[in-house]
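Here's the structure we're looking at; comments come further down.
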Amino acid sequence: MAVARTRRRRGELTPLCQMVLDVVVGAGRPLGAYGIIAQLEMTSGRRVLPASLYRSLGVLLERGLITRIETRNAFLANVQAMTTLADIYFICDQCGAVRTVKVSALANLIDNEADALGFQIGRRVIEMQGICNRCRDSRIGQPEQLINRKTMPTRA
Ligand SMILES: [Zn+2]
């Protein structure tokens with residue numbers, strides 16, 4: 001189970017931090033703060049204040065145990081240790097599915113650019129937004145509707 005793999009890196013997490021981590025790991029997809037709170041309250045039967053949640057999320061982010069998907073304002077478990085690889089997130093706009101790909105060649109390119117700029121990299125987040133293969137397949141037969149919506153001229 002994914003939870004066991006991350007336990008090693010937990011260190012001295014508070015009980016709430018551990019619960020938050022379990023929820024995010026268990027979800028297997030990006031969860032927003034309110035989704036996390038709903039799950040926490042369901043499992044613990046207690047109220048969780050947003051401020052407490054954000055504190056826990058801050059700790060987990062700092063330790064690299066979770067990643068924030070900036071464009072969705074959601075959190076995803078980082079089951080593997082922080083590496084020098086660049087994580088590329090492919091995020092489906094339609095169903096929210098996320099595929100993560102680690103690319104070392106890209107990380108090297110980024111390192112070179114950062115060196116040239118004298119920039120110290122903290123976190124590496126590369127997000128691609130679009131449509132996953134499943135949603136794309138389910139669209140076949142009705143693509144015109146989408147094209148029309150995009151190209152429809154704005155009313156003057
Ligand atoms: Zn999709």
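Odds and ends about this structure:
- A full extension of the chain between R136 and Y54 corresponds to an added length of 26.1 nm, given 0.36 nm per residue minus the alpha carbon distance.
- Residues of segment 46-76 with amide N under 15 Å of a point placed 7 Å along Cα→Cβ from A33: 48-61, 68-76
- With a cut-off of 12 Å between beta carbons, the residues surrounding A97 carry a summed charge of +4, where Lys and Arg count +1 and Asp and Glu -1.
- Here the gap between E62 and L109, fully extended at 0.36 nm per residue and compared with their Cα-Cα distance, gives a gain of 14.5 nm.
- Length added when fully stretched, R46-I126, from 0.36 nm per residue minus Cα-Cα: 25.2 nm
- Between the amide H of F75 and those of L31, G32, I69, distances stay under 5 Å, these residues lying 5 or more places away or on another chain, with hydrogens modeled in the peptide plane.
- Label-to-label distance, D93 versus T71, with points set 7 angstrom from Cα along the beta-carbon direction: 0.9 nm.
- With K and R counted +1 and D and E -1, the other residues having a Cβ less than 14 Å from that of P30 yield a net charge of 0.
- Shown in residue order for segment 36-49 are the 3J(HN,Hα) couplings computed by the Karplus curve 6.51 cos²θ - 1.76 cosθ + 1.60 at θ = phi - 60°: 5, 4, 4, 5, 4, 5, 5, 7, 9, x, 10, 6, 10, 7 Hz (x for Gly and Pro).
Just so you know, all these numbers are worked out from the coordinates, no wet-lab data involved. The shown structure was predicted, so the numbers you read here are calculated from the model rather than taken from an experiment. Don't worry about glycine lacking a Cβ; one is built from the backbone with ideal geometry, like all the others, and counts go over all protein chains shown.
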